[in-house]
Amino acid sequence: SNAMRTQLELWKVVKENFDEYFSFGLCQLIDSLQYVGKINHYEGNQLREELSLHGDKTIYFLGLSGNPKPRLKFIEKMIKKHSENAITENK
């Protein structure tokens, strides 16, 4: 469908596809998901924008390149954040 997906939905897509598409970083992962059509260009930009707001601007801000743990933790944090926001918005 062409309906805009929320940040919560997008981070869940990232999480669901993490094991299959992660190789060294979250930007790379988002690029890969875009390349295979799991997310579109606009959605990729939305995720990258949020990523850049939460990290410093260096490439390795979520730990060493290739280490999945800090990235998964970050994805969980984003899902939790947006879940809490969704609950608040739906009241």
(message) Under the 0.36 nm per residue contour assumption, what length would be gained going from the current alpha-carbon distance of A3 and K73 to full extension?
(response) 22.4 nm
(request) Would you mind checking the tilt of helix 41-54 against the longest principal axis of the Cα atoms of the chain, expressed as 0 to 90 degrees and rounded to 10? (result) 70
(request) Compute the distance in nm between two label points, each set 7 Å from the Cα along the Cα-to-Cβ direction, one at H41 and one at E16. (result) 2.4
(message) I need the phi-derived Karplus couplings for segment 13-27: 6.51 cos²θ - 1.76 cosθ + 1.60, θ = phi - 60°, integer Hz, Gly and Pro marked x.
(response) 4, 4, 5, 4, 9, 4, 4, 6, 10, 6, 10, 9, x, 6, 5
(request) For n ≥ 4 DSSP H runs only, could you compute -39500 (n - 2.57) per run for the chain, divide by its residues and tell me the 222 nm figure to the nearest 500? (result) -20500 deg cm²/dmol
(request) Can you tell me the 0 to 90 degree angle between the C-alpha axis of helix 68-89 and the longest principal axis of the chain, rounded to 10? (result) 10
(request) Report the label-to-label distance for E84 and D31 in nanometres (one decimal), using points 7 Å from each Cα along the Cα→Cβ vector. (result) 3.2
(message) Could you tell me which residue out of N67, I39, V13 lies farthest along the dipole of the chain toward its positive end? Charges go on the beta carbon: Lys and Arg +1, Asp and Glu -1, centred on the Cα centre.
(response) N67
(message) Classify the chain from the C-alpha gyration tensor, please: rounded if a/c falls under 1.5, else prolate or oblate depending on whether a/b exceeds b/c.
(response) oblate
(message) Give me the percent of accessible area attributable to carbon and sulfur for the chain, probe 1.4 angstrom.
(response) 55
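The values are calculated or read from the model by the stated rules, or taken from the named source; none is laboratory data. If you're wondering where the values come from, they're calculated on a predicted model, not measured in any experiment. Positions of Cβ are backbone-derived with ideal geometry, glycine not excepted, and every protein chain shown enters the neighbour counts. For accessibility, only protein heavy atoms count, side chains too; no ligands or nucleic acids. Shrake-Rupley method; radii C 1.70, N 1.55, O 1.52, S 1.80 Å.
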